[in-house]
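Trainee: One structure follows; several queries about it will come next.
The values are calculated or read from the model by the stated rules, or taken from the named source; none is laboratory data. All figures in this text were calculated on a predicted structure; none of them were measured in a lab. Glycine gets a Cβ as well: all are built from the backbone with ideal geometry, and neighbour counts include every protein chain shown. SASA here: full protein model, heavy atoms, side chains in, ligands and nucleic acids out. Shrake-Rupley method; radii C 1.70, N 1.55, O 1.52, S 1.80 Å.
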Amino acid sequence: MVSYNILINDEIAIDRAGNSPLFVKAVSVRDGNNFVNKVNAVISAEDADKILLVNEKTHMLENCAVVFVR
């Protein structure tokens, strides 16, 4: 589960992601099953490795500490 925000420094985003978030930029965004909004972020293999490495230490994915910023 993720939160979707427009501003990166929004209080809700900071509360969810913490004070020192990992920033990863999507290389593209694809349609989801609802076909109304593009909701599937596509990242590079290198960034995927970074996410998994950080997650081993912080458990950010299990804690749902993920924010997508438009």
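Trainee: Which of the chymotrypsin sites (Phe, Trp or Tyr not before Pro) across the chain are loop residues per DSSP, with 14 or fewer other Cβ within 10 Å?
Mentor: Answer by residue number: F23, F35.
Trainee: From the phi of every residue in region 11-16, what ³J(HN,Hα) in whole Hz does the Karplus formula 6.51 cos²θ - 1.76 cosθ + 1.60 yield, where θ is phi - 60° and glycine or proline is x?
Mentor: 4, 5, 5, 5, 4, 7
Trainee: Continuing with the same structure: Sequence neighbours fewer than 8 away in the same chain don't count; with that in mind, list the aspartates and glutamates whose C-alpha is under 16 Å from K50.
Mentor: Within the straight-line cut-off, K50 pairs with E62.
Trainee: Per residue of region 21-33, what does 6.51 cos²θ - 1.76 cosθ + 1.60 with θ = phi - 60° give for ³J(HN,Hα)? Whole Hz please, x for Gly and Pro, Karplus curve as stated.
Mentor: Along region 21-33, the couplings run x, 8, 9, 9, 9, 5, 7, 6, 10, 10, 4, x, 5 Hz.
Trainee: Leaving out ligands and nucleic acids, note down the accessible area per residue over the chain with a 1.4 angstrom probe, in whole Å².
Mentor: It amounts to 82 Å² per residue over the chain.
Trainee: For the chain, report the convex hull volume of the alpha-carbon atoms normalised per residue, in Å³, without decimals.
Mentor: Taking the convex hull of the Cα positions in the chain, it is 95 Å³ per residue.
Trainee: How charged is the neighbourhood of V29? Take every other residue with its Cβ under 12 Å from the Cβ of V29, and add Lys/Arg as +1 and Asp/Glu as -1.
Mentor: In short, +3.
Trainee: Right, another one. Give the long-range amide H neighbours of I43: residues separated by 5 or more places, or on another chain, with amide H under 5 Å away, using H modelled in the peptide plane at 1.01 Å from N.
Mentor: V27
Trainee: What lysines could a cross-link reach from K38, if we take a straight Cα to Cα line under 17 Å and drop same-chain neighbours fewer than 8 places away?
Mentor: Those lysines meeting the cut-off are K25.
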